[in-house]
Amino acid sequence: MPLLRNLAFAGALVLATPLAFAADKPAGEDKAAAPASLPADASVRQSMRLEGRTLDYTATVGSLPVRDAQGKAIGDVVFTAYTVPGKDRPVTFALNGGPGASSVYLNLGAVGPKVVAFGSEGDSASAPATLRDNPGTWLDFTDLVFIDPVGTGFSRSRIPDEEAKQQFFTPTADVEYLSRAVYDWLLKNQRMTSRKYLAGESYGGYRGPRITHYLQTRLGVAMNGLVLVSPYLSPTLEDNSDVSPMAWIQTLPSIAAAHLERQGRLTDAAMREVVEYTRGDYATALMKGRSDPQATEAMIRRVVELTGLDPVFVRRAGGRLETQAYLREVFRDKGTLGSRYDSNVTAFDPFPTDPEQRANDPLLDSIIAPTTTAMVDFVTRVVGWKVDARYNALSYEVNRQWDRNGDLRAGAVTQLRQAVAIDPRLQVLIAHGWNDLSCPFMGSILTVDQMPAMGSDPQRVQVRSYPGGHMFYSRADSQAAFRRDVRAMYQRN
């Protein structure tokens, strides 16, 4: 799920109620009161219908302690696991992004056995949050463990805020304790010898290669495969946009895809043409700048054709389409805003005459209620894991406290290359929605095209794109295609 800007997401952030990491310090006491203990793990037997047959499984909600270097418990990571009886079943660990997003979006939106409707055009935040069998689940070919980082879901810190920032809310600390959570779950459940996979969405796609490399080199656990969903891999691609064309090369194909979809002409062949133009004549024209007016003029005409935007708007922008300006412009005549996560998912603009967008992203605001309601009811009533705490589907407080300095700007491409080089059998599938402007698919294409082959299998690291946006899996056809591609990857090793 979404990468909360400041990192790769624009738009005003409306802070949620701050998450309490520990009780306020009473007068005269040196330490904050410790939070109440979490319940013991709880399980329930369930079943679903998938492709004409019944799939029986066990759903378990529980927690793993996070310990510091001295062995002191400083936090708790809550997980939701779905397991099916049988020998030699793989296990997949799944994380979302943010930073500040729980794993509910992959769980109840993409690959878990149950799904709730959210993230599509016309979805209502107040509609019944009813769980139904998920035809896109991966549970028939892998067990699933969804991990909520500290400060998200019901996971929490046991230490004061300032210490928690250092222990949990830096990119390095985040990767290290989450890697240990994967190790601890495997140990606790006697699954060390199982085939192991990792799925990460958005900022979880930044976590994915780094966790995989850390597990390989520090904890001695090797992943068999890595699935990156709308990943935030290389933030520096968009740097220096005054000179470098990279920022505009990344976003133009997604804007063109949204236009093709509105016209009913979105196909693989059409998108191949868009991609080739973007990294060919479009990039060349941007690099030439004012030195070649004819190339610039031809580029502006082509961008108008690809996007369907007002020629005056495109000309004033110099063919460089800034995301938030585009999202207001494309539906201006209807008084609605597009989402940076899928520009064809819209909501009414409450401030249409303001010079700048004042509302938060329309898709983000609409998904918190159904996902929170469905997950809290599932955990506390269906599974019976009784907890008296707030559930954070999206924590703006975690995002606000996040350390955005240091190795975050380095991205995760270095660790992706290293992890692939270490293990010649490691498979990597990078999946995107064509309409996503928060983590555009073009960035992953450019990144993978620069990686050395590292073996004879051309599919070992591949990029696949589908109709839709950041959460393309909310569309039935895209989810089905994604499931087929992931299953094929699992079958290769």
Report task. Quick one: give the max-minus-min coordinate of the C-alpha atoms of the chain along each principal axis, largest first, in Å. Result -> 68, 58, 44
Report summary line: Projected onto their principal axes, the Cα atoms of the range 445-493 stretch, largest extent first, over whole-Å spans of 34, 26, 10
Requested in this report: Provide the percentage of antiparallel DSSP beta bridges, counting only those with both residues in the chain; round to the nearest 5.
Outcome: 60 percent
Query - Principal semi-axes in Å for the range 407-493 [√(5λ), Cα gyration tensor, largest first] - result: 23, 18, 10
Report summary line: Semi-axes of the range 220-294 from the Cα gyration tensor (sqrt of 5 times each eigenvalue, largest first, whole Å) come to 28, 21, 10
Report summary line: Computed over the chain, the relative contact order (Cα-Cα under 8 Å, seq sep at least six) in percent reads 22 percent
Report summary line: Once all protein chains are kept in place, Glu163 shows an accessible area at probe 1.4 Å, nearest 10 Å², of 70 Å²
Report task. Normalise the Debye intensity by I(0) for the range 187-259, one equal point scatterer per Cα, no solvent, then take log10 at q = 0.18, 0.20, 0.21, 0.27 Å⁻¹ and round to two decimals. Result -> -0.81, -0.90, -0.95, -1.17
Query - Ranking by accessible area, most exposed first, for Thr447, Thr83 with a 1.4 Å probe - result: Thr83, Thr447
Query raised in the report: Any idea what Rg and Dmax come out to for the range 72-214 if you just take the C-alpha atoms, in Å?
Result: 15.8, 48
Query - Of all accessible heavy-atom area on the chain, the percent that carbon and sulfur account for (1.4 Å) - result: 49 percent
Query raised in the report: In debye, nearest 20: dipole of the chain around its Cα centre with unit charges on the Cβ of K, R (+) and D, E (-)?
Result: 1080 debye
Query raised in the report: Using only Cα atoms, what Kirkwood radius does the range 211-344 have, in angstroms?
Result: 16.7 Å
Query raised in the report: If you bin the C-alpha pair distances of the range 37-136 every 5 Å from 0, what whole percents do you get?
Result: 2, 10, 15, 21, 19, 15, 10, 5, 3, 1, 0
Query - 0 to 90° range, to nearest 10: angle between helix 476-492 axis and the chain longest Cα axis - result: 70 degrees
Query raised in the report: Where the Cα atoms of the range 126-177 are projected onto their three principal axes, how long is each span, largest first, in whole Å?
Result: 43, 33, 17
Query raised in the report: If the range 264-320 were replaced by its equivalent ellipsoid, with semi-axes equal to the square roots of 5 times the Cα gyration tensor eigenvalues, what would those be, largest first, whole Å?
Result: 21, 15, 7
Report task. Starting from one equal scatterer on each C-alpha and no solvent at all, send me the Debye-based log10 I(q)/I(0) for the range 353-442 at q = 0.11 Å⁻¹, two decimals. Result -> -0.65
Report summary line: To the nearest 10 degrees, the tilt of helix 268-277 (Cα long axis) against the first principal axis of the alpha carbons of the chain is 60 degrees
Requested in this report: Could you work out how far the C-alpha centroid of the range 125-203 sits from that of the range 425-468, in angstrom?
Outcome: 23 Å
Report summary line: Over the chain, the sum of -39500 (n - 2.57) across DSSP H runs of at least four, divided by residue number and rounded to 500 deg cm²/dmol, gives at 222 nm -9500 deg cm²/dmol
Report summary line: Taking only the alpha carbons of the range 176-220, the radius of gyration and the largest Cα-Cα distance, Dmax, both in angstrom, are 10.4, 30
Report task. Go from 0 up to the bin containing the longest alpha carbon distance in the range 416-466, width 10 Å each, and give me the % of pairs per bin. Result -> 24, 52, 21, 2
Report task. Report, to the nearest 10°, how far helix 362-377 tilts away from the longest principal axis of the Cα atoms in the chain, using its own Cα long axis and a range of 0 to 90°. Result -> 20 degrees
**Report entry** Evaluated over the range 348-389, the Cα radius of gyration and Dmax, each in Å
**Finding:** 16.6, 50
**Report entry** Charge dipole of the chain about the Cα centre (unit charges at C-beta), most positive-ward option of Leu437, Asn189, Pro149
**Finding:** Asn189
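The values are calculated or read from the model by the stated rules, or taken from the named source; none is laboratory data. Bear in mind that the values here come from a model prediction, so they are computed numbers and not experimental data. Because the Cβ atoms are built from the backbone with ideal geometry, glycine has one as well, and the counts that use them run over all protein chains shown. Ligands, DNA and RNA are excluded from the accessible area calculation, which covers all protein heavy atoms including side chains. Shrake-Rupley method; radii C 1.70, N 1.55, O 1.52, S 1.80 Å.
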